[in-house]
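First the structure, in the form of structure tokens, and then the observations on it.
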Amino acid sequence: MALRGYGRLLSILAVPVWLSLTASQAFGQVPALPVTRAQLTLPQVVEKLVSRNAQRAKALEGYKGKRFYQLDYVGFPSGLHADMTVEMTYDAPGTKQFRVVSQNGSKLIVNRVLKRLLDTEQEAMEVQNRAGVELNSSNYEFTALNYERNNSGCSYVLTVEPKAATKFLYRGRVWVDDKDFAVCRIEAEPAKNPSFWIRKTAIRHTYEKVGEFWLPVENQSVSDTRLDGRATLTIKYTDYEIQTQHFASGTTTATPGH
């Protein structure tokens, strides 16, 4: 492929860089029962979501985990595949360290796309950027609320619009657990199109409870290009080990995850 072709392909594969920070394909979700009237008002759900997130962030000392990144592109000028396994360590309030365990496929895609996701995630953790990625009323307009009574407890559905078109924000729907008031699913599109060559991008994030915390388990981004190609990025998260601070006793406890 000519150098220009590689440059165009990298532009097409400039998937939303916030994908690995937070997360519409079918992932075997629990079928929703008929929609009923919301049990709380929209401002009440938002207030509980923001306050509970702050409590969890304060209690989280750190965690370790493993991630598997996979990117598949089908279309012009050629199809490509790359994958990468990464070990990640987080220390509060905003430090992440990554160690690449293995990488396969196109080295160009690994170095210029997948590793770029790690760099941007670290950028988002910098002090001047952290406040700008949080799900709160400073960064988003919460425009609607539905209540889906289902067996998963992921019942409150918020519609969100970003207040600024930045690479860290998104627009779409956010599902909130009705007991913990934690995000359990996001279906969205980026607030800012990452590339002229991308026509649209659909992103789905799913989260599960690990110990007392809700952490990502799978993110998927599907980008359709103006050249009738499609790029699918999937990130899977496993092997969590959480460090939590018990403020009453001053002791730290490790909680293993799946």
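When we screen 201, 253 for residues that are modelled with pLDDT under 90, in a strand (DSSP E or B) and surrounded by 18 or more Cβ atoms within 10 Å (Cβ to Cβ), the only hit is 201.
Would you check if there is a residue in segment 7-26 being more than 30 Å from residue 111 (Cα to Cα) and modelled with pLDDT under 90? Within segment 7-26, not a single residue is more than 30 Å from residue 111 (Cα to Cα) and modelled with pLDDT under 90. For residue 102, the requirement of being part of a strand (DSSP E or B) and more than 20 Å from the chain's Cα centre (by Cα) is met. Take the conditions (1) farther than 21 Å from residue 94 by Cβ; (2) surrounded by fewer than 19 Cβ atoms within 10 Å (Cβ to Cβ); residue 109 misses just one of them, which is (2). Does segment 133-155 include one or more residues that are touching a Pro at 6+ places or on another chain (Cβ under 9 Å) and farther than 23 Å from residue 47 by Cα? Yes, that holds for at least one residue.
Please enumerate the residues belonging to segment 137-169 that are in a loop (DSSP other than H, G, I, E, B) and of a type in the set (Val, Ile, Thr).
Here is the first cut: in segment 137-169, the ones in a loop (DSSP other than H, G, I, E, B) are 137-139, 149-153, 163-169.
166, the sole residue that qualifies.
Cβ-Cβ distances below 9 Å connect the following pairs, each with a first residue in segment 87-103 that is more than 15 Å from residue 62 (Cβ to Cβ), a second residue that is small (Gly, Ala, Ser), and a separation of six or more residues or different chains: 103/82. May I ask you to list the residues in segment 140-153 that are surrounded by 14 or more Cβ atoms within 10 Å (Cβ to Cβ) and within 14 Å of residue 174 (Cα to Cα)? Those that are surrounded by 14 or more Cβ atoms within 10 Å (Cβ to Cβ) and within 14 Å of residue 174 (Cα to Cα): 140, 142, 145, 146, 147, 148, 153. Going by the conditions given, is residue 123 at negative phi, in a strand (DSSP E or B) and surrounded by fewer than 18 Cβ atoms within 10 Å (Cβ to Cβ)? Considered against the rule, which asks whether it is at negative phi, in a strand (DSSP E or B) and surrounded by fewer than 18 Cβ atoms within 10 Å (Cβ to Cβ), residue 123 comes out as no.
Take residue 182 and tell me if it is under 28 Å from residue 91 (Cα atoms) and within 14 Å of the chain's Cα centre (by Cα). Steps first, please.
Numbers: under 28 Å from residue 91 (Cα atoms): yes; within 14 Å of the chain's Cα centre (by Cα): yes.
Yes; evaluated as a whole, the condition is true for this residue.
When the criteria are applied in full, residue 131 meets the requirement of being surrounded by fewer than 16 Cβ atoms within 10 Å (Cβ to Cβ) and under 30 Å from residue 243 (Cβ atoms). Only one entry of 60, 80 meets the criterion of being within 28 Å of residue 133 (Cα to Cα), in contact with a Phe, Trp or Tyr (Cβ under 9 Å, 6 or more places away or on another chain), among the hydrophobic types (A, V, I, L, M, F, W, C) and at pLDDT 50 or above, and that entry is 60.
The values are calculated or read from the model by the stated rules, or taken from the named source; none is laboratory data. Here the structure is a predicted model, which is why all the values come from computation and not from measurement. Note that we place each Cβ from the backbone using ideal geometry, even for glycine, and neighbour counts take in every protein chain shown.
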